[in-house]
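Q: Supplied in structure tokens, the structure appears directly below.
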Amino acid sequence: MADSFTHFSLQILLICITLFFTFSTFASATDTKSRPFKKIYAFGDSFTDTGNTRSTTGPNGFGHVSNLPYGSTFFHRSTNRYSDGRLMIDFVAETLSLPFLPPYRGLKGNPSNGVNFAVAGSTAINHAFFVKNNLSFDVTPQSIQTQIIWFNEYLQKQGCKGSASSSPQCRAAFEDALIWVGEIGVNDYAYITGSSVSSDTIRKLAISSVTGFLQALLSKGVKYVVVQGLPPTGCLTMAMTLAPEDDRDEMGCVKSVNNQTRTHNAVYQAKLRDLSRQFPNATIAYLDYWNAYRKIVTNPAAYGFKEPFKACCGSGDPPYNFAVFATCGTTSATACPNPAQYINWDGVHLTEAMYKVLTGMFLNGTYSKPPFQNLLAKKQHEG
């Protein structure tokens, strides 16, 4: 009787194990099948870079990104992200049930879920412009043009040398792909501070460069592109520290800098509308970084923030815990114990908490034009 019971129990156990793996496999297959996008190709600067820069090549003054406390909140180690944890692109990947994007530099194998080409300190305008104008002392040599070169190199390694329709390899590379273009251009304006180069010149050259970059991508046959505008950079801690106190707008941020950024975004959006007409089969979603950030900074408590302008990681200098020569990661700087209550992480870059709130506003709220949910629905309908 005992032997029969044991045999019966083993049969039940085997059936349960079989059912478990069957349903697990089914669930996994269903989950993969239901993903609207199976890969992301990301571009941009330090707000999007997941490790293409290192301490020797990143922006001067923030060259300690390879050390803690960078990465301390989520990864518990530095991953060469300019934050205490995850960036917006990381939250986007999580939302789409994809792994975090590997940086292009040092890429191993053939990642099937996409690649990140963003570089901290990267400019929209080609590096040669800054060299010509003697502004290259603190300029990362990579620009958005470098990133498209890297992207083409990556595609060629996949056997793709043309557009999405030119070969099976190209179709595979572009199929179910989301192109994510993080904010780019903030560094261009920062690098001309104190020079004779005008912000009008930077705006024209930067937008022309990014427009050309987007045209190159769209000409390859990509169908879904998300483009971030510039945030109100006058609200960043470093800008608040360096500008005179009488240079403030209704947000309490640096008025002159924010006016420059607002104008840039207006011209940029007009160019994106032109591109949408030029490539009617593609969907280009513009993320309104300016107004999303403004919504948070004018009512930070509603989003769980107590410090709209002060840096979490910094020198301790009043009033914003920031000093240009004692930035986060240096021996004279310390990090606050509660980064989730801060919008700004190190004086220029944002906290994981801020990126998380912004991601929700872009992907689920009204700060994407057209709404990101519409883009997803269109992709799923197409699929």
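Q: Along each principal axis of its Cα atoms, how long is segment 276-383 end to end? Whole angstroms, biggest number first, please.
A: Projected onto its principal axes, the Cα set of segment 276-383 covers 54, 28, 22 Å.
Q: If the chain between Asn281 and Asn110 were fully stretched, how many nm would it gain, using 0.36 nm times the residue separation less the Cα-Cα distance?
A: Contour length minus the Cα-Cα distance gives 58.7 nm.
Q: Right, something else. Near Thr146, within a Cβ-to-Cβ distance under 15 Å, what is the net charge of the other residues, with Lys and Arg +1 and Asp and Glu -1?
A: With Lys, Arg at +1 and Asp, Glu at -1, the net is -3.
Q: For segment 285-335, what Kirkwood radius comes out of the mean inverse Cα-Cα distance, in Å?
A: Final number for the Kirkwood radius of segment 285-335 is 12.5 Å.
Q: Just grab the label-to-label distance for Arg35 and Gln373, each label 7 Å out from Cα along the Cβ direction, in nm (one decimal).
A: Calculated label separation equals 2.3 nm.
Q: Further question on the same structure: Taking the inverse of the average 1/r across all pairs of different Cα atoms in the chain, what Kirkwood radius in Å do you get?
A: 22.1 Å
Q: Only bridges with both residues in the chain count here: give the DSSP antiparallel percent, nearest 5.
A: Taking every DSSP beta bridge within the chain, about 20 percent pair in antiparallel fashion.
Q: D for segment 190-291, whole µm²/s, Stokes-Einstein with Kirkwood Rh over alpha-carbon pairs at 10 °C and 1.306 mPa s: what number?
A: The estimated diffusion coefficient comes to 106 µm²/s.
Q: On to the next question. With Cβ to Cβ distances under 9 Å as the rule, what net charge do the other residues near Pro339 carry (K, R +1; D, E -1)?
A: -2
Q: How much length is gained on full extension from Ala301 to Thr331, taking 0.36 nm per residue of separation minus their Cα-Cα distance?
A: In short, 7.7 nm is gained.
Q: Right, something else. Can you give me the distance in nm between label points at Asn259 and Gln158, each placed 7 Å from the Cα along the Cα-to-Cβ direction?
A: Simple spin-label model gives 4.5 nm for this pair.
Q: At 1.4 Å probe size, put His64, His381, His127, His349 in order of accessible surface, largest to smallest.
A: The ranking, largest first, comes out as His381, His64, His127, His349.
Q: Another one. Can you tell me the order of 158-165, 306-313 when each peptide is scored by its average per-residue count of other Cβ atoms within 10 angstrom, highest first?
A: So the order, starting with the most tightly packed, is 306-313, 158-165.
Q: How far is helix 352-363 tilted off the main Cα axis of the chain, in degrees rounded to 10, range 0 to 90?
A: Helix 352-363 and the main axis of the chain meet at about 70 degrees.
Q: Applying a 10 Å radius around every beta-carbon, put 197-210, 354-367 in order of their mean neighbour count, most first.
A: With the highest mean Cβ count within 10 Å placed first, the list reads 354-367, 197-210.
Q: Something else: Measuring from a point 7 Å past the Cα of Ala216 along Cα-to-C-beta, which residues in segment 119-134 have an amide N at less than 19 Å?
A: Taking a point 7 Å out along Cα→Cβ of Ala216, the residues of segment 119-134 whose backbone N falls under 19 Å are 119-131.
Q: I'd like the accessible area for Arg86: 1.4 Å probe, protein heavy atoms, all chains in place, Å² to the nearest 10.
A: 30 Å²
The values are calculated or read from the model by the stated rules, or taken from the named source; none is laboratory data. Note that the coordinates shown come from a computational prediction; the quantities given were computed from them, not determined experimentally. Every residue, glycine as well, gets a Cβ built from its backbone with ideal geometry; the counts of neighbours run over all protein chains shown. Surface areas here come from the heavy atoms of the whole protein model, side chains and all, with no ligands, DNA or RNA. Shrake-Rupley method; radii C 1.70, N 1.55, O 1.52, S 1.80 Å.
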